[in-house]
Amino acid sequence: MSKEKKENPTRNNGSYALEMENKKMSVTTTTGQHSVLFEDIASTSYNTITGDAEFKIKNKPAFFGGCAAIFIGIVTAEQLEGVAGFLMVAGIIALFIGCKKEEKTWDNVTIETRGGKRVTYSVDLGQGKVDMDAIEEARRS
């Protein structure tokens, strides 16, 4: 397992299905479907991918309270100058408390064939090793 940091990595969600009587597996991804015979699989691996960080609302009451405080501060700016300024500053602080930057992390599972074809699909973090072990176990059976 390795951890990669690529520029703007995209997730290619997918899953696999094993056909034991035909000794092959099918991988369905967002870009299409691939079939691979067990005897053609040269290796399987997985690696952890970290995508770009994005802002997420982590504390909804603080976030929406901050939005309300800023709105009320803007609306009452002429009537209540001191209070309006306080509300707007408090609202901005509440917005920062309500939002956090969160990195997107997932596992990419790669199946490489003897002919050099690589089939890669993305799964939730921690699921990559489970999928790789299940595929290897099916190959040995």
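The values are calculated or read from the model by the stated rules, or taken from the named source; none is laboratory data. Treat the numbers as computed from the prediction; the structure is a model and nothing was measured. Heads up, the Cβs are rebuilt from the backbone with ideal geometry, glycines too, and the neighbour counts pull from every protein chain shown.
Residues being surrounded by 19 or more Cβ atoms within 10 Å (Cβ to Cβ) and closer than 30 Å to residue 39 by Cα are entirely absent from region 81-88. Filtered by the rule that a residue be exposed (fewer than 12 other Cβ atoms within 10 Å of the Cβ) and at pLDDT 90 or above, region 57-80 gives 60, 61.
Okay, residues lined up against (1) in contact (Cβ under 8 Å) with a residue 40 or more places away in the chain; (2) exposed (fewer than 14 other Cβ atoms within 10 Å of the Cβ); (3) of a type in the set (Val, Ile, Thr):
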| position | (1), (2), (3) |
| --- | --- |
| 14 | yes, no, no |
| 30 | no, yes, yes |
| 50 | yes, no, yes |
| 100 | yes, yes, no |
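The rows are residues; the columns are (1) within 17 Å of residue 124 (Cα to Cα); (2) at pLDDT below 85; (3) among the hydrophobic types (A, V, I, L, M, F, W, C).
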{"site": "3", "(1), (2), (3)": "yes, yes, no"}
{"site": "55", "(1), (2), (3)": "no, yes, yes"}
{"site": "96", "(1), (2), (3)": "no, no, yes"}
{"site": "99", "(1), (2), (3)": "no, no, yes"}
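Residue 54 fulfils the conditions (1) surrounded by fewer than 11 Cβ atoms within 10 Å (Cβ to Cβ); (2) touching a residue at least 60 places away in the same chain (Cβ under 8 Å); (3) under 21 Å from residue 107 (Cα atoms) except for a single criterion, (2).
On inspection, residue 31 does not qualify as within 30 Å of residue 132 (Cβ to Cβ), modelled with pLDDT of 90 or more and out of contact with any Cys (no Cβ under 6 Å at 6 or more places or on another chain).
Condition check ((1) of a type outside the set (Gly, Ala, Ser); (2) within 30 Å of residue 127 (Cβ to Cβ); (3) not assigned by TED's automatic domain parsing to the domain that holds residue 12) across all residues:
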residue: 26; (1), (2), (3): no, yes, no
residue: 34; (1), (2), (3): yes, yes, no
residue: 47; (1), (2), (3): yes, yes, no
residue: 65; (1), (2), (3): no, no, yes
residue: 73; (1), (2), (3): no, no, yes
residue: 80; (1), (2), (3): yes, no, yes
residue: 88; (1), (2), (3): yes, no, yes
